[in-house]
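Quick notes on the structure that follows.
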């Protein structure tokens, strides 16, 4: 009598592998285009390299490092900075989960700034040469990438405007309003969050002294616009902060 042929045992599910997929990441809708087909997501999963953990104060890359990858921030916060002609550090931006790092190096194949973790963080490495090869197959992905580059240019122009024409109170109000909108886009509270950067780092980025940042925090708190507890910040009047940033209201 013939014995029944046993069904093959299913391969064990690799939970870690499933969690590593782009489609399982809570931030994928920010760093990847909406509406990608399942097969397109599979193609992206195939080119995305390892996840890389970066400890607090650790470098993701340094000025002059060769360009090989873009980095999608999965967890944590980073700052980018350059060294100005006088040898001082100039912070050029603060980045958070769902944003891409490394686009500064696309034109020259070398990084023009340092990227440092503000807390224990994690990034997904995206080999740029392999990403470029997908652009021809996935026009939606190319369009999304162009949009992200445009947003980066707009951000840099906004910083120049911030440092060139705005009063100190406008700069700080714009900074807080910008953080608020970015946290909101990630599904977090737009009015209650923790400042991952120090007051000195905020001042460096905005072209203000640490004393000026402390005075502005006290002034905004006295006006009833914010509540501050160490690095915990609550925006009590976001609409007024936007008006201050736009220059249509001043600290009385």
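The values are calculated or read from the model by the stated rules, or taken from the named source; none is laboratory data. Because the structure is predicted, anything quoted here is derived from the model rather than measured. Every residue, glycine among them, receives a Cβ derived from its backbone with ideal geometry; neighbour counts consider all protein chains shown.
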For this session: Can you work out which of the residues in segment 74-89 that are under 18 Å from the mean Cα position of the chain (by Cα) and assigned to a strand (DSSP E or B) is nearest to residue 64 (Cα to Cα)?
Result: 82
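Scanning segment 229-238 for residues that are out of contact with any strand residue (DSSP E or B) (no Cβ under 7 Å at 6 or more places or on another chain) and modelled with pLDDT of 95 or more, which turns out farthest from residue 163 (Cα to Cα)? Outline the logic, then answer.
Step one: list which residues in segment 229-238 are out of contact with any strand residue (DSSP E or B) (no Cβ under 7 Å at 6 or more places or on another chain), which gives 229-230, 237-238.
Next, from what is left, pick out any that are modelled with pLDDT of 95 or more: 237-238.
Working: 237: 24, 238: 22 Å.
Of everything passing the filter in segment 229-238, 237 is farthest from residue 163 (Cα to Cα).
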For this session: Taking residue 43 as meeting all but one of (1) touching a helix residue (DSSP H, G or I) at 6+ places or on another chain (Cβ under 8 Å); (2) at negative phi; (3) at pLDDT below 70, write down the number of the exception.
Result: (3)
Seminar exercise, completed: Only unsatisfied item for residue 182, checking (1) within 22 Å of residue 75 (Cα to Cα); (2) assigned to a helix (DSSP H, G or I); (3) without any contact (Cβ under 8 Å) to a residue 60 or more places away in the chain; (4) not assigned by TED's automatic domain parsing to the domain that holds residue 76, is (3)
Problem set entry | Index of the failed condition, residue 30 passing every other in (1) over 15 Å from residue 125 (Cβ atoms); (2) surrounded by 15 or more Cβ atoms within 10 Å (Cβ to Cβ); (3) at pLDDT 75 or above; (4) within 19 Å of the chain's Cα centre (by Cα) | (3)
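Considering only segment 109-142, state which residues are assigned to a loop (DSSP other than H, G, I, E, B), out of contact with any helix residue (DSSP H, G or I) (no Cβ under 9 Å at 6 or more places or on another chain) and farther than 15 Å from residue 70 by Cβ.
Answer for segment 109-142, where residues must be assigned to a loop (DSSP other than H, G, I, E, B), out of contact with any helix residue (DSSP H, G or I) (no Cβ under 9 Å at 6 or more places or on another chain) and farther than 15 Å from residue 70 by Cβ: 119, 120.
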